[in-house]
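The values are calculated or read from the model by the stated rules, or taken from the named source; none is laboratory data. Please read these numbers as outputs of a predicted model, since none were measured by experiment. No Cβ is skipped: glycine too gets one built from the backbone with ideal geometry, and neighbour counts run over all protein chains shown.
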């Protein structure tokens, strides 16, 4: 029987040995692999520290609750505090209510937590205080005023910095005996440092940073520090109270830290300034520690990122104000006045908050109001209204021809999720302007010019309402000459996960249309790749059943395609495509001419001869000759007058009479 048991044990040990990883070396079946570094097998653990909870608004308890959730995601071994757990400065009944609230929130931690006493936790308020103020309440419900415990290779020592003047039963965190630690506590500390001499690290926690000699000139911290330094294994000291994070450096090998708040009062919440709601995560290794400050709410549970939530967030972040009013008309004297109204529709399942403003880089515009705010319930539609006025030249004292600047609509969206608020980055779009009809007549006698863009974001900007095509067939075409064909280069489009556009992909021509929630792409082959410095005509056609791509009048690709085009409220850009933030992406470098959008499948066979100058007819939605008759406008040759704006340095340049059409 004994031999059988021994054999069974040997077999079990062999199985465990075979299954358990013995080293961190890299294993692969690939021949001659590159030698990769191996991670350290050094043991480590982590703990988290909370800052002050009190002194601020009542909602600070919600910040503490979020810190509890964040800590559970980090999974430290334990959580420490630095005091001011309850609002305090009151009588026992009120103190007990606040204590129960704090402990209820902290009970949500998946790991043990340890208190430190601060002035809010101890000081009495109203009437004559009992001996020690709330010390008896604190020790009955939170724990000892000073104590220590060991964990793995570290000792955690908690000190009490609010003993006060015991002879007079006064407590204050300023002046005289109130900032002294008693002989009894110092004797205990000396004994503790002897008991913890075998630990790799000793961490010390208290509420007031008594080492700040300017703030606490009567403190006996010098005596405390000498004890800590003589011990030789004290790694760091942590305090709170000041509500602003600070690192006070290393003295005799001991690092001194002050924590900010975890729900407490602060003039602002600005990470990087020292004022913030945060927790600190400390990773402890045998010979060192690493500490990081993490703003409350910055930690995200990956299990919360379910597809339904992500899809709803995408719907919300794509909210784009749709212009309700027509483009603002500029007079011959440069003046303008009118209203710009933008419609917001919340298509998401959660409430949104939208803040918007219209501003101009120059001083030629007056806008009222200076900003607008709207809360939007799910499914709600609301309008933002602005009054704009541009001073006429005469109002400047004469025909000074003040430089025209473009008003810019800026907006920010907050998504009010079930557990947290998400603030999306600011987005911008131009406010549409138009010259008077008399200024925008097409003059065919003008010499031919083309649009020059630099690949750095210069472009012609077309207001969203101009290219709101109905479902069904359409054609997008243009002449172009590229200076650079590397990467993704948008000749023209409004394809931000929707709509359509003409592109070069490393020189390969492509036509994209977003149908039924996904892009359909017609693309040229290797033989169709274009080189820099030559003029080409590209046309993309959607006839309701297929996409066709033509290069220089020859059919380059056809792809079966049907469905509903995914709409958006974003501008149509020539020389780029709109990005999610409202700016330009995939910028084109080179020259563009004769941009035309038609509400029909204009080319149906396998080839055609591209016109050097497009004509307008009943199917033409937009036609830009780029002949430069009214800069900074790109004049639309159709009766609709969907004129574009030249931005970012885009400009017109002349070309020779035979240059275009000679690839």
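Residue 109 meets the stated requirement of being assigned to a loop (DSSP other than H, G, I, E, B) and closer than 30 Å to residue 286 by Cβ. Of the strands (runs of 3 or more DSSP E) lying entirely inside the range 308-385, those containing at least 2 residues that are surrounded by fewer than 18 Cβ atoms within 10 Å (Cβ to Cβ) and over 22 Å from the mean Cα position of the chain (by Cα) are 336-345, 365-368. Give just the number: which of (1) at pLDDT 90 or above; (2) surrounded by fewer than 17 Cβ atoms within 10 Å (Cβ to Cβ) does residue 399 not satisfy? Checking residue 399 against (1) at pLDDT 90 or above; (2) surrounded by fewer than 17 Cβ atoms within 10 Å (Cβ to Cβ), the one that fails is (1). Under 24 Å from residue 632 (Cβ atoms), touching a residue at least 60 places away in the same chain (Cβ under 8 Å) and loosely packed, with under 15 Cβ neighbours inside 10 Å: does that describe residue 287? No, not satisfied. Take residue 595 and tell me if it is buried (at least 18 other Cβ atoms within 10 Å of the Cβ), outside any loop (DSSP other than H, G, I, E, B) and free of Cβ contacts under 8 Å to residues at least 60 places away in the same chain. Spelling it out, it is not the case that residue 595 is buried (at least 18 other Cβ atoms within 10 Å of the Cβ), outside any loop (DSSP other than H, G, I, E, B) and free of Cβ contacts under 8 Å to residues at least 60 places away in the same chain. Taken together, 594, 577 contain a single residue that is more than 37 Å from the chain's Cα centre (by Cα) and in the same structural domain as residue 504 (by TED's automatic domain parsing), which is 594. When each of 292, 229, 236 is tested for being free of Cβ contacts under 8 Å to residues at least 24 places away in the same chain and either within 18 Å of residue 158 (Cα to Cα) or part of a strand (DSSP E or B) (or both), the lone residue that passes is 292. Put simply, of 307, 302 the only residue that is over 26 Å from residue 67 (Cβ atoms) and without any contact (Cβ under 8 Å) to a residue 40 or more places away in the chain is 307.
Checked against the criterion of being within 24 Å of residue 570 (Cβ to Cβ) and surrounded by fewer than 22 Cβ atoms within 10 Å (Cβ to Cβ), the candidates 630, 585 yield just one match: 585.
For the range 560-577, the tally of residues that are surrounded by 15 or more Cβ atoms within 10 Å (Cβ to Cβ) and part of a strand (DSSP E or B) stands at 5. Take the residues of the range 442-470 that are part of a loop (DSSP other than H, G, I, E, B) and touching a strand residue (DSSP E or B) at 6+ places or on another chain (Cβ under 6 Å): which is surrounded by the fewest Cβ atoms within 10 Å (Cβ to Cβ)? Filtering first and then ranking leaves 447. Let me confirm something: among 55, 75, 83, 60, which residue is at pLDDT below 95 and on the phi > 0 side of the Ramachandran plot? Selected residue: 55, the only one of 55, 75, 83, 60 that is at pLDDT below 95 and on the phi > 0 side of the Ramachandran plot. Pairs are defined by a Cβ separation below 7 Å, a sequence spacing of at least 6 or placement on different chains, a first member in the range 205-220 that is farther than 18 Å from residue 252 by Cα, and a second member that is surrounded by fewer than 16 Cβ atoms within 10 Å (Cβ to Cβ); the pairs so defined are 218/175; 218/176. Is it true that some residue in the range 210-230 is closer than 18 Å to residue 81 by Cα and touching a helix residue (DSSP H, G or I) at 6+ places or on another chain (Cβ under 8 Å)? Yes - at least one qualifying residue is present in the range 210-230.
Scanning the range 330-343 for residues that are at pLDDT 90 or above and under 21 Å from residue 461 (Cβ atoms) yields 336, 338, 339, 340, 341, 342, 343.
Among the conditions (1) free of Cβ contacts under 8 Å to residues at least 60 places away in the same chain; (2) touching a helix residue (DSSP H, G or I) at 6+ places or on another chain (Cβ under 7 Å), residue 485 misses just one, which is (2).
Does the range 598-608 contain at least one residue that is over 38 Å from the mean Cα position of the chain (by Cα) and closer than 18 Å to residue 504 by Cβ? Looking for residues that are over 38 Å from the mean Cα position of the chain (by Cα) and closer than 18 Å to residue 504 by Cβ, one finds none in the range 598-608, hence no. For the range 499-543, a residue qualifies if it is assigned to a loop (DSSP other than H, G, I, E, B) and either on the phi < 0 side of the Ramachandran plot or over 31 Å from the mean Cα position of the chain (by Cα) (or both), and the qualifying residues are 507, 524, 525, 529, 530, 531, 532, 533, 534, 543. For the range 69-104, the set of residues classified as in a helix (DSSP H, G or I) and within 15 Å of residue 126 (Cα to Cα) consists of 92, 93, 94, 95, listed by residue number. Going by the structure shown, is residue 173 surrounded by 17 or more Cβ atoms within 10 Å (Cβ to Cβ), out of contact with any strand residue (DSSP E or B) (no Cβ under 9 Å at 6 or more places or on another chain) and farther than 30 Å from residue 194 by Cα? Judged against the criteria, residue 173 is not a match. Within the range 245-257, does at least one residue satisfy the condition of being assigned by TED's automatic domain parsing to the domain that holds residue 148, under 26 Å from the mean Cα position of the chain (by Cα) and either at pLDDT 95 or above or surrounded by fewer than 14 Cβ atoms within 10 Å (Cβ to Cβ) (or both)? The answer is yes, given that some residue of the range 245-257 is assigned by TED's automatic domain parsing to the domain that holds residue 148, under 26 Å from the mean Cα position of the chain (by Cα) and either at pLDDT 95 or above or surrounded by fewer than 14 Cβ atoms within 10 Å (Cβ to Cβ) (or both). Looking at residue 205, is it in contact with a strand residue (DSSP E or B) (Cβ under 6 Å, 6 or more places away or on another chain), exposed (fewer than 14 other Cβ atoms within 10 Å of the Cβ), assigned by TED's automatic domain parsing to the domain that holds residue 280 and within 22 Å of residue 284 (Cβ to Cβ)? Here the answer is no, as residue 205 does not meet what is asked.
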